[in-house]
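First comes the structure, then the notes that go with it.
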Amino acid sequence: MKINLPGLRAYAVTRTLSQPADLATAILTLGFVQIDPIRAPARAQDLILRHRVDGYRIGDLSSRFAALPLVEDFLHVYGVLPVASLGLLHPRRRQRIWRVEREHPRLARKIIDHIGRSGPTHPRDLTGALGSTKVVNGWGGSSAATTRMLEALHYRGALRVLRRDNGVKVYGLAPPFGAPLPLPLRADELLRMLVRLYAPLQISSLRPLAAMVGRDSLPDATRLRAFARLLKSEWLARGLVDGVEYLWPAGERPPAEAPARVKLLAPFDPIVWDRRRFEHLWRWEYRFEAYTPPAKRRYGYYALPLLWRDRVIGWANVALKSGRLDVRTGFVDKKPRDVRFARELEREIDALSRSFAL
């Protein structure tokens, strides 16, 4: 199938913004939703899901998580995914030893024993029971050794996140895994999972994504053979736009155009996640600047990409002030003068306000 740049834009925008579904179905359809702790004005997972779940309210994922067939885990980044996908990620190889595992080799057994006796466990419960020794965390700061070991045990598959209390993970023992799936099958399905999540996807983006997923779940040789199989398979469609090769699931038919709607997207929404594709489709460089010094920010602390029809034309910084949303927009070029844009922007701001039940 041939595709041009306008068609690619419409496809990228519309394929994951289909008819809103229930929460479990929306996550099953996406395959994965990235989780981020920053709340500005809401966490990324809520901002992603409100566009895809009928009647979604901020916090619904957290409040309903325990009752749904979902788990938190690492794919290429940390997020939530269907429990059925765990078998593609586990068992993980112990190629890398976490610093806390090296410095506190007996702590894992103590934590597992404690959770086995006590049941669902908040990190502060372990700090009280096992002490508050500090270790260096993944960001270069310090965390309680017990908290880091909880994260390590979760990564290894020994623990699961049962729920969150005010955003903090509450852990329990993980059910034992069944017989591991064959490695080639795991590799094939993980690659397809990435393509479904981010299609149309540049081949130059899929390669590093595959490496991120396969780091501990798959041997390099298995991943590379699966990548070669994928490129030759009939499951995958390929197209060249401006000399850039794109991949997507075969059988999908891009729409002729995107609807005349405004969407304020999370910085980690599948539509904008791949910054390489972003620059090709919309011809400007969006940056996530939460960790950029204020004086060096161009767009803002947590700028939300502003989508109009099939183009990301600017950004919005949104804050809750005295129970109301304060929305400040910026544009790459000029603000559209189309009266429909103004109407749709107001509609989107109203929809965001209602998702907070303001």
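Of the conditions (1) closer than 22 Å to Leu352 by Cα; (2) out of contact with any Leu (no Cβ under 6 Å at 6 or more places or on another chain); (3) part of a loop (DSSP other than H, G, I, E, B), Tyr56 satisfies every one except a single condition; which number is it?
In the conditions (1) closer than 22 Å to Leu352 by Cα; (2) out of contact with any Leu (no Cβ under 6 Å at 6 or more places or on another chain); (3) part of a loop (DSSP other than H, G, I, E, B), Tyr56 misses (2) alone.
Being surrounded by 13 or more Cβ atoms within 10 Å (Cβ to Cβ), in a loop (DSSP other than H, G, I, E, B) and basic (Lys, Arg) is the filter here; which residues of the range 238-265 pass it?
Passing the criteria: only Arg261.
Looking at Glu279 and the list (1) closer than 20 Å to Leu47 by Cβ; (2) open to solvent by 40 Å² or more (accessible area, probe 1.4 Å); (3) assigned to a helix (DSSP H, G or I), which single condition is not satisfied?
The one condition Glu279 does not meet is (1).
Would you pick out the residues in the range 66-93 that are among the hydroxyl-bearing types (Ser, Thr, Tyr) and closer than 15 Å to Arg186 by Cα?
Going through the range 66-93, the residues among the hydroxyl-bearing types (Ser, Thr, Tyr) turn out to be 78, 85.
The one that is among the hydroxyl-bearing types (Ser, Thr, Tyr) and closer than 15 Å to Arg186 by Cα: Ser85.
Working carefully through the options Leu28, Leu86, Leu81, find the one that is touching a Pro at 6+ places or on another chain (Cβ under 6 Å) and among the aliphatic types (A, V, I, L, M).
Leu28
Kindly indicate the residue of the range 174-207 that is closer than 13 Å to Gly87 by Cα and touching a helix residue (DSSP H, G or I) at 6+ places or on another chain (Cβ under 6 Å) and also surrounded by the most Cβ atoms within 10 Å (Cβ to Cβ) among those meeting that condition.
Out of the qualifying residues, it is Ala187.
Considering (1) touching a Leu at 6+ places or on another chain (Cβ under 9 Å); (2) more than 24 Å from Tyr78 (Cα to Cα); (3) without any contact (Cβ under 8 Å) to a residue 60 or more places away in the chain; (4) hydroxyl-bearing (Ser, Thr, Tyr), say which one Ser233 fails and leave the rest.
(1)
Within the range 323-338, how many residues are β-branched (Val, Ile, Thr) and either at pLDDT below 95 or in contact with a Leu (Cβ under 9 Å, 6 or more places away or on another chain) (or both)? Walk me through it before giving the result.
Restricting attention to the range 323-338, the residues satisfying the condition of being β-branched (Val, Ile, Thr) are 327, 329, 332.
Restricting the remaining residues to those that are either at pLDDT below 95 or in contact with a Leu (Cβ under 9 Å, 6 or more places away or on another chain) (or both) gives 327, 329.
Here the count works out to 2.
Search the range 284-341 for residues being in a helix (DSSP H, G or I) and within 23 Å of Arg261 (Cβ to Cβ), and hand back the single one that is least open to solvent (accessible area, probe 1.4 Å).
Phe341
Do you know which of the residues in the range 99-111 that are closer than 14 Å to Leu130 by Cα and either of a type in the set (D, E, K, R) or in contact with a strand residue (DSSP E or B) (Cβ under 7 Å, 6 or more places away or on another chain) (or both) is least open to solvent (accessible area, probe 1.4 Å)?
Lys110
For Ala21, which of the numbered conditions (1) farther than 20 Å from Pro305 by Cβ; (2) among the small types (Gly, Ala, Ser); (3) modelled with pLDDT of 95 or more fails to hold?
Exception for Ala21: condition (3).
The values are calculated or read from the model by the stated rules, or taken from the named source; none is laboratory data. Small disclaimer: the values here were computed from a predicted structure and weren't measured. A quick note on method: Cβ atoms are made from the backbone with ideal geometry, for glycine too, and the neighbour counts reach across all protein chains shown. Accessible surface areas use protein heavy atoms only, side chains included; no ligands, DNA or RNA. Shrake-Rupley method; radii C 1.70, N 1.55, O 1.52, S 1.80 Å.
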